[in-house]
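A.B. asks: First the structure, then my questions, so here it is.
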Amino acid sequence: METVGFVGVGKIGLPISENLIKSGYRVLGYRRGSLADFEKIGGVPAKSPAEIGAQCDVVLSCVPTAEAMDEVVNGPQGLIHSARPGQIIVELGSHPVPAKEKQVAPLASKGAAYLDGEVSGTPGMVAARKAVIYLGGDAEAAKKVEPVIKGFADMCLYFGPFGAATKVKLVNNLLVAINIAATAEAMALGLKAGVDVDLMIKAIASGSGGSTQFGIRAPWMAQRKFQPVQGQAALLFHYFHMIEDWADETGTATPLLNRAKELYQKCVDMGLGETHDVAVMIDVINSLPREKH
């Protein structure tokens with residue numbers, strides 16, 4: 001049984017690990033917090049990233065900040081201490097490209113390949129194997145790691161140079177943020193239409209105005225189902241500054257992002273940014289006065 005390592009067994013890492021276990025892999029995992037849920041699904045706890053690296057040829061990581069990512073690689077118990085020729089490490093968390101890229105050379109000096117990875121999908125989509133995994137970096141390493149990726153996701157796409165996966169994720173999440181805000185506005189109006197709400201959602205979701213986010217969150221908005229949290233308004237701020245920095249570099253206007261950012265900020269200011277799923281954006285829309293033109 002092949003052992004795969006996972007550093008950062010959180011909301012995304014837990015369903016990834018569970019799918020890998022279901023696919024026949026032994027998963028060795030680490031996180032700073034409790035690993036009780038990880039052990040319940042059959043995962044094997046580890047005491048550090050270095051311990052994972054010592055036992056695994058493929059290590060997946062999904063940590064929340066660039067600082068945590070640097071600690072995972074270069075810290076006192078980091079992967080750098082057990083890195084070796086032929087090892088492949090994939091960072092699936094979303095961080096600025098320069099922060100990810102600076103991990104490549106230290107690991108390469110030990111013979112290990114470090115790939116830029118991204119997960120497109122909510123925890124629920126990950127659990128259902130419907131998330132799409134993006135990869136960028138060394139082509140040979142990406143090809144070698146694909147069988148492991150296929151152990152937890154049905155679709156894996158390789159985009160070429162290091163950083164390409166992150167850029168595609170930023171494009172994706174720009175649309176996610178705008179589509180959720182648009183869904184909230186549409187549903188705030190649609191719920192006042194006096195029609196069968198479920199039928200309305202079905203018609204729109206399968207018609208020209210539908211989107212993945214509408215299909216997922218319009219029913220939650222109608223039912224006021226804001227828990228369990230699949231995505232947070234506060235978490236999207238993690239992407240906004242990266243999108244803005246990239247837009248600055250490329251001279252690209254982002255008028256819709258600018259307006260969406262204001263709405264997400266209001267969601268956070270209302271105290272809903274972390275405790276509620278981002279479907280709560282319908283309450284943000286309903287809190288606004290009608291501006292007459």
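The values are calculated or read from the model by the stated rules, or taken from the named source; none is laboratory data. Since the structure is predicted, the reported quantities are computational estimates derived from the model, not experimental observations. Cβ coordinates were reconstructed from backbone atoms using ideal geometry, including for glycine residues, and neighbour counts include every protein chain displayed.
A.B. asks: I'd like the residue in region 56-75 that is within 17 Å of residue 111 (Cβ to Cβ) and not hydrophobic (A, V, I, L, M, F, W, C) and, out of all such residues, is surrounded by the most Cβ atoms within 10 Å (Cβ to Cβ). Walk me through how you get there before you give the answer.
C.D. replies: We begin by selecting, within region 56-75, every residue within 17 Å of residue 111 (Cβ to Cβ); these are 56-59, 73-74.
When the remaining residues are screened for being not hydrophobic (A, V, I, L, M, F, W, C), the result is 57, 74.
Details: 57: 17, 74: 15.
My answer is 57.
A.B. asks: Any residue in region 114-135 that is among the hydrophobic types (A, V, I, L, M, F, W, C) and farther than 22 Å from residue 13 by Cα?
C.D. replies: So the first thing to find is which residues in region 114-135 are among the hydrophobic types (A, V, I, L, M, F, W, C), and the list is 115, 119, 125-128, 131-133, 135.
Still in the running and farther than 22 Å from residue 13 by Cα: none.
No.
A.B. asks: For region 104-117, give me each residue that is part of a helix (DSSP H, G or I) and either aliphatic (A, V, I, L, M) or buried (at least 22 other Cβ atoms within 10 Å of the Cβ) (or both).
C.D. replies: Just the residues of region 104-117 that are part of a helix (DSSP H, G or I), to begin with: 104-108.
Within region 104-117, 104, 105, 107, 108 meet the criteria.
A.B. asks: Residues of region 1-40 being over 21 Å from the mean Cα position of the chain (by Cα), assigned to a loop (DSSP other than H, G, I, E, B) and not charged (D, E, K, R), which ones?
C.D. replies: Matches in region 1-40: 1, 23, 24, 25.
A.B. asks: I've got another one for you. When you look at residue 84, is it under 20 Å from the mean Cα position of the chain (by Cα) and either surrounded by fewer than 21 Cβ atoms within 10 Å (Cβ to Cβ) or free of Cβ contacts under 8 Å to residues at least 40 places away in the same chain (or both), yes or no?
C.D. replies: Working: under 20 Å from the mean Cα position of the chain (by Cα): no; either surrounded by fewer than 21 Cβ atoms within 10 Å (Cβ to Cβ) or free of Cβ contacts under 8 Å to residues at least 40 places away in the same chain (or both): yes.
No.
A.B. asks: State all residues of region 8-22 that are under 16 Å from residue 149 (Cβ atoms) and either in contact with a helix residue (DSSP H, G or I) (Cβ under 9 Å, 6 or more places away or on another chain) or not assigned by TED's automatic domain parsing to the domain that holds residue 74 (or both); if no residue qualifies, say none.
C.D. replies: Filtering region 8-22 down to residues under 16 Å from residue 149 (Cβ atoms) leaves 12-13, 15-22.
Those that are under 16 Å from residue 149 (Cβ atoms) and either in contact with a helix residue (DSSP H, G or I) (Cβ under 9 Å, 6 or more places away or on another chain) or not assigned by TED's automatic domain parsing to the domain that holds residue 74 (or both): 12, 13, 15, 16, 17, 18, 19, 20.
A.B. asks: Now for a different question. Can you tell me how many residues in region 72-81 are touching a residue at least 12 places away in the same chain (Cβ under 8 Å) and part of a loop (DSSP other than H, G, I, E, B)?
C.D. replies: 3
A.B. asks: Would you check which residues across region 180-215 are modelled with pLDDT of 95 or more and among the β-branched types (Val, Ile, Thr) and list them?
C.D. replies: 180, 183, 195, 197, 201, 204
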